[in-house]
Amino acid sequence: MGFFQKLKAGIEKTRQGFMAQIDALLSGRKIDEEMYEELEDLLIMHDVGVTAATNLLRDLRRLVKDRKILDGEGLRLLLKEIISNSLGEKKPLRLEPGTLNIFLVVGVNGVGKTTTIGKLAQRYKEQGLKVMVAAGDTFRAAASSQLEIWAERAGVYLVSHADGADPAAVVFDAVHSARAKKIDLLLVDTAGRLHNKSNLMQELGKIRRIIDREAEHSLREVLLVVDATTGQNALVQAKEFAQIVPVTGIVLTKLDGTAKGGIVIAINQEQKIPIKIIGVGEKISDLRDFDPQEFAEALFEK
Amino acid sequence: MFSGLGDKLQATLKKLRGKGKLTEKDISDAMREVRMALLEADVNLKVVRDFVNAVKERAIGADVLESLTPGQQIVKIVHEELMNLLGGSTSRIAIASKPPTVLMLVGLQGAGKTTQAGKLALSLRKSGRHPLLVACDVYRPAAIEQLQVLGRQLDIPVFSISGNQNPVQIAKQGKEEAMRQGRDLVIIDTAGRLHVDEKLMQELKDIKAAVMPHEILLVVDAMTGQDAVNVAESFNSTLGIDGVIVTKLDGDTRGGAALSIKAVTGKPIKFVGMGEKLDTLEVFHPDRMASRILGMGDVLSLIEKAEQAYDKKKAEELEKKMRTQSFTLEDFLDQLQQVRNMGPLDQVLGMIPGFAASKQLKDFQPDEKDLKHIEAIIYSMTLGERRKPEVIDGSRRKRIAAGSGTSVQDVNRLLKQFEQARKMMKGLSEMGKKGKNKFSF
Ligand SMILES: Nc1nc2c(ncn2[C@@H]2O[C@H](COP(=O)(O)OP(=O)(O)OP(=O)(O)O)[C@@H](O)[C@H]2O)c(=O)[nH]1
Ligand SMILES: [Mg+2]
C-alpha cells in the first residue's frame, strides 16, 4: 500500500525535522501566520490537545500585540512563559509536622502508583520522618509483594493483607497502626482502576471515607498519577477521579521517555489541579519536584 | 465527558446532509472537523494530516459531488479509509509447523504485558495449545511473582529461575524446558522498557537471537497519546515486531493510538485487551475499531455478545428491529434487561449506537437501581403506550409516575432517552441501507 509507505516516510521526517524546522522558523524571522500554526502543531504533538493549545495560542497572540514582539525567537520565549505561568508556582507536597499525614495515591492501571510510593517513602524517610506504606491494592496479582519490596528498599513500615482482601480494611488497619506507631507519613497505595468502572470508583470512595472517618483532617494529599505518554484520555481521568476523591495534585511519571506529558497543561486549565511531582525513572531516587519553568522548557527541547 | 469523533462527524454530517450538492469548501469544512476529532482521539498529527488529505482527495471526486447523498458518502469514505488504515482483516497467531511456537511480548512499562501473557496463554489453551509462560522481567519488583500468580490461577506452568538476573538465559532455558515437557507454546513476558533505552533494547535483541520467536508482539496501552508512533517505530525498527496488542480498551479512550501504530509500522493489531480479568482478550476487528474511533457504537460486538447471551433468533430480531426502527419501549426494556446478562453494564451500553454519541444518554449510566426505575416506569404504561410512546401526554405521564412511584421528571427523562436512542438507530439504519456492511454505515 503506497499510502503506508508515504505515511511512514512522512512521520520519520516529521519527527527528525520538526524541531530543526521550528528553530529555523522562529529564529530571527518576522512573525507570520505560519509560525503560529507550527507552534500549535508543536503543542499538539506533545499531547496538549486542541482546546488547550488553542487557548494558549490565543493568549500568545494577545501578548504579542501588547508587548510588541516582532520576531520568532521572542514568540517562542513568550509561549514558554505563558505555559509556565499557566501552571502556576511550584507547589510542594503538604505535610504538617508532628501529626499523622496521609497521602492517597490513585490512578488508572500501570501509570506508576506503586513505584511513586516507593520513591516518596524513601524521600521522606531520608528527611527523618517515620513513614508507613499501606498495600491498598489487593486485586492485582503480586501487588502487595511489589509494595513490600519497595518498603524494604526504603526501610519503612508496611501494612498489608492477603490478596483479595477488602482494601478498605487494609486502610483501616494502616491508619490505626500508624497512630499507634506515631507515624508521620502514611502512603496509601491503591489498585489501578479505569475511571469508567463505577464499582471500582465506588471502592475508592469508600477508602477515602474510611480515611476521613478514622483519621479526620489527616488526608493531606490525594495524588493522581498520570503517565506522561497518556493522550487526551488523561483529561477524562482527572475529571472522573476528582469527582470521587479530592485530588490535590498530579504526579507526572515516565518523563524519562520521549513523551513530555503536555496533557497536564489541559488538566491544569480545566481542573485547576496543580502538578506536584514527576517521575524520571525506575530507581528509588528518580523523583523530582515539578517545576513549571523546566516543564515548559522541555516542550521545546530537541 | 469527551465528545467523540462520532458526535463531531454527525454534527458535520447534519450540515452536509441539508444540501443537495457539496462544494469544495463544504468538504474542507467537514475535513477540518474530522481533523479536530481525530486529534482529540489521539491519532498522531502526521497520520491525521495524511488521512484527511486522502479522504479529501476521494471526496472531491465527481461521483461524490453528483451523489444524491453526499454527506453519507463522505462518512462512508472516512470509515472505509479508517478501516483500510487499521488493517484489512482480522489476524491471528501463526502456529509454527515445528513446535514449540514461541511468542514474545514487549513494550513500555505499565502497558500490560504480564497480564496479556496470561490472557494469551488462556486463550490459546482454549484452542488446544499447551502453553508455558516464561518470566523474564527480572527488574520490576515482584513481576515474576505476578506471572506466577497468574499461572496458578490459570493452572498453566510458569518457568522462572529464581535469583537469575539474566533474561536472555531465562528465555533460552524456558524454551528448552518447553521442549522437554512437550509444551507446544512458549509465551515470554519481558520487562517494560523505554524505546530509547539502548541497553535494554539490546537485551530484547539478544533474547530474540536466543529463542528465535515466531512472533514478537508489541503491547500498547490504548490511552497512549502522540508518542505512540515513536514507541512503535522504535520497537519495530530495533526488533521487527509481528503484531500489536492494544490493552485497556475497556476504558473510555477513543484509542487513536491504535490507528497511529498501524499507520507507522504497518503491522497488524491482533488482539485487544478488554479488562483486568484473564478471559478478556479479544480478537481485533478493524471495522469495530473504526466504529469505536468514530464513536458510532460497536453494533457488531453487541450483536455478537447478544448471540452468546441468548439464542440467535432473538439476536436477529434485535438487529432487524434496530434496522427497521420498529423499536418500542418494550424492546428498550427487554434490551436493558438482557444487557445485564452480557457483562458489565457500562461496557455493553457503550456498544449500543447512540449511547456514545448522545450527550443526554451519556449522563444516563444506569445502575441496577436505575434499571429498577426504568422497569417500573415501563411496566406502569399500557401496552399501547409502550408501543407508541408518542401518545403519552401530560396526564398520562402523571399517571405513569404515580403508578411507578417515580416522578414526572423521571418519566420525561426516560421518554427523551428512548426517543434519542430511536433516532440514532434510525440514522444508523438509513446509512446502513446504502452499503453492504449494514451497521458500519
Ligand atoms: N521509565 C519509567 N518507568 C516508570 C516510572 N514510574 C514507574 N515506572 C514503571 O512503570 C511500571 C508500572 O509501575 P507501577 O508502579 O507498578 O504502576 P502502578 O500504577 O502501581 O500499576 P498497577 O498497580 O498495576 O496499576 C513499572 O515497570 C515501573 O517500573 C518512571 O518515572 N519512569
Ligand atoms: Mg501498583
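The table below lists the values:
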{"read-out": "Peptide B:143-154, shielding by other chains (average Cβ, 10 Å cutoff)", "value": "3"}
{"read-out": "In degrees, nearest ten, helix A:167-180 long axis to first principal axis of chain A (Cα)", "value": "70"}
{"read-out": "Antiparallel DSSP beta bridges within segment B:101-296, percent to nearest 5", "value": "10"}
{"read-out": "Inter-label distance for B:ARG180 and A:ARG94, nm, one decimal - labels placed 7 Å from Cα along Cα-to-Cβ", "value": "5.8"}
{"read-out": "Calculated FRET efficiency for the pair A:ASP163/B:LYS126, C-beta based, R₀ 22 Å, to 0.05", "value": "0.30"}
{"read-out": "For chain A: span of alpha carbons on each principal axis (Å, largest first)", "value": "66, 50, 33"}
{"read-out": "Computed label-point distance, nm, for sites A:ASP173 and B:SER97 using a 7 Å Cα→Cβ extension", "value": "5.7"}
{"read-out": "Helical contribution to [θ] at 222 nm, DSSP H n ≥ 4, -39,500 (n - 2.57), averaged over chain A, rounded to 500", "value": "-16500 deg cm²/dmol"}
{"read-out": "Nearby aspartates and glutamates by direct alpha-carbon distance to A:LYS206 (threshold 20 angstrom, same-chain neighbours under 8 apart not counted)", "value": "A:ASP137, A:ASP163, A:ASP166, A:ASP173, A:ASP189, A:GLU214, A:GLU216, A:GLU221, A:GLU240, B:ASP367, B:GLU368"}
{"read-out": "Estimated dipole of segment A:76-137 in Debye, rounded to 20 [Cβ of Lys and Arg +1, of Asp and Glu -1, Cα centre]", "value": "160"}
{"read-out": "B versus A: buried accessible surface, summed, Å² (probe 1.4 Å, to nearest 100)", "value": "4500"}
{"read-out": "Largest to smallest principal axis extent of the C-alpha atoms in segment A:130-249, angstrom", "value": "41, 30, 25"}
{"read-out": "If the convex hull is drawn through the Cα atoms of segment B:101-296, its volume per residue in Å³", "value": "107"}
{"read-out": "Mean-position separation - Cα centroids, segment A:178-249 and segment A:261-302, in angstrom", "value": "19"}
{"read-out": "Convex hull volume per residue in cubic angstrom - Cα atoms of segment A:192-278", "value": "90"}
{"read-out": "For A:LEU158, distant residues with modelled amide H under 5 Å away", "value": "A:VAL133"}
{"read-out": "Peptide B:106-117, shielding by other chains (average Cβ, 10 Å cutoff)", "value": "4"}
{"read-out": "0 to 90° range, to nearest 10: angle between helix A:113-126 axis and chain A longest Cα axis", "value": "70"}
{"read-out": "Cβ-placed point charges (K, R +1; D, E -1), dipole of chain A about Cα centre in debye, nearest 20", "value": "320"}
{"read-out": "Interchain or long-range residues, amide H under 5 Å from B:VAL219's placed H", "value": "B:VAL106, B:GLY107, B:ILE245"}
{"read-out": "Residue (of B:SER260, B:ILE245, B:PRO213) at the positive-pole extreme of segment B:170-270, dipole from beta-carbon charges", "value": "B:PRO213"}
{"read-out": "Over 24 Å (Cα to Cα) - which of B:LYS175/B:LYS262; A:LYS80/A:LYS113; A:LYS30/A:LYS90; A:LYS254/B:LYS267; A:LYS130/A:LYS283; A:LYS65/A:LYS272 fall in this group", "value": "B:LYS175/B:LYS262; A:LYS80/A:LYS113; A:LYS30/A:LYS90; A:LYS254/B:LYS267; A:LYS65/A:LYS272"}
{"read-out": "By average C-beta atoms within 10 angstrom, highest first, the peptides B:389-398, B:130-139", "value": "B:130-139, B:389-398"}
{"read-out": "Extension gain, B:VAL408 back to B:ARG32 (0.36 nm per residue minus Cα-Cα distance, nm)", "value": "131.2 nm"}
{"read-out": "Rounded tilt (10° steps) of A:233-244 against the dominant C-alpha axis of chain A", "value": "40"}
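The values are calculated or read from the model by the stated rules, or taken from the named source; none is laboratory data. Small disclaimer: the values here were computed from a predicted structure and weren't measured. Note that we place each Cβ from the backbone using ideal geometry, even for glycine, and neighbour counts take in every protein chain shown. Surface accessibility is based on the protein's heavy atoms, side chains included, excluding ligands, DNA and RNA. Shrake-Rupley method; radii C 1.70, N 1.55, O 1.52, S 1.80 Å.
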